[in-house]
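Structure record follows, encoded as structure tokens.
The values are calculated or read from the model by the stated rules, or taken from the named source; none is laboratory data. The model shown is predicted, which means the values in this text are computed figures rather than measured ones. All Cβ positions, even for glycine, are placed from backbone atoms using ideal geometry, and neighbour counts span all protein chains on display.
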């Protein structure tokens, strides 16, 4: 039988946190875990017996055997397993400038490799978070969220877009949603799974009041009264992860600012500065209940009072005109000022919306 990863991993410069856990598990399986405890903290063991000394040499040998040759120099003077353990901890786990540089470099270079399972990527993510805490620079939840979403591969681009648009998003919700989506799930399939995870998570944790019926315990999107009213035609539009409210006819060169749109979108291909075709179209629900497909995503440049760029714009051949999402503007801290020019449809933005 081939040895397990825990039996073969060697301690090198940048894997101490992973190695330390695996070594403790390895010593535990061999019944030698007590030998890495300092004598002053171990009141149960009789360290004077021949058996203890024999086992201690075994533990020392196990530890030394899983340290790469380059770093065995740090434990050459160790007489006991506990000595070697403390020497390695002092060298690799202390808050020195060198260790801080190593961990910070890993943080900045943290990216998911193509083909990696999300569960494996999460293990690597948690290890970096732990390392940052150990060197005295813990990451708060917002920074962890930015790190996780920013590290994902292009295969997760669409699901990341949905998560970025989710109101009151938490790290736990993002992990739950991503855990239910495979990298091979492109576009609509991924969005559907993320939507299911979102509804499940929100339903478990929401204790506020519904804006529609004013009752507590559920959100407007879960409101039974609203759904019943929609079926009777009393509510004008349908909501979804990707939905918009514009119904009036628009010119090809016009941009309509839409408070109901979850993403920027246009039907004019020539507007794009760059574009990436989607392997699977994203299904969009519009105000009259019809569903149309977004077939690409990219960056658009447009002229308001100043030149601005819009990123993650969906290309939808069937949509009428072009829509600017208020939600997307808010994410970028962009202030939109409306005027009555051009029939009341004028808008200016203070900064680039990239």
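Quick test for you: out of 19, 85, pick the one residue that is touching a strand residue (DSSP E or B) at 6+ places or on another chain (Cβ under 6 Å), part of a helix (DSSP H, G or I) and at pLDDT 85 or above. Criteria check complete, one pass: 19. Taken together, 139, 148 contain a single residue that is under 27 Å from residue 22 (Cα atoms), at pLDDT 90 or above and buried (at least 19 other Cβ atoms within 10 Å of the Cβ), which is 148.
Scanning region 299-325 for residues that are at pLDDT below 75, outside any loop (DSSP other than H, G, I, E, B) and farther than 10 Å from residue 266 by Cβ yields 303, 307, 308. Cβ-Cβ below 8 Å, separation at least six or inter-chain, first residue in region 65-80 and assigned by TED's automatic domain parsing to the domain that holds residue 36, second in a loop (DSSP other than H, G, I, E, B) and surrounded by 10 or more Cβ atoms within 10 Å (Cβ to Cβ): which pairs? Going by the 8 Å Cβ cut-off, the qualifying pairs are 66/9; 66/10; 67/10; 68/10; 68/12; 70/12; 71/12; 71/13. Assess whether residue 332 counts as being surrounded by fewer than 16 Cβ atoms within 10 Å (Cβ to Cβ), farther than 15 Å from residue 269 by Cβ and modelled with pLDDT of 75 or more. Criteria not met by residue 332.
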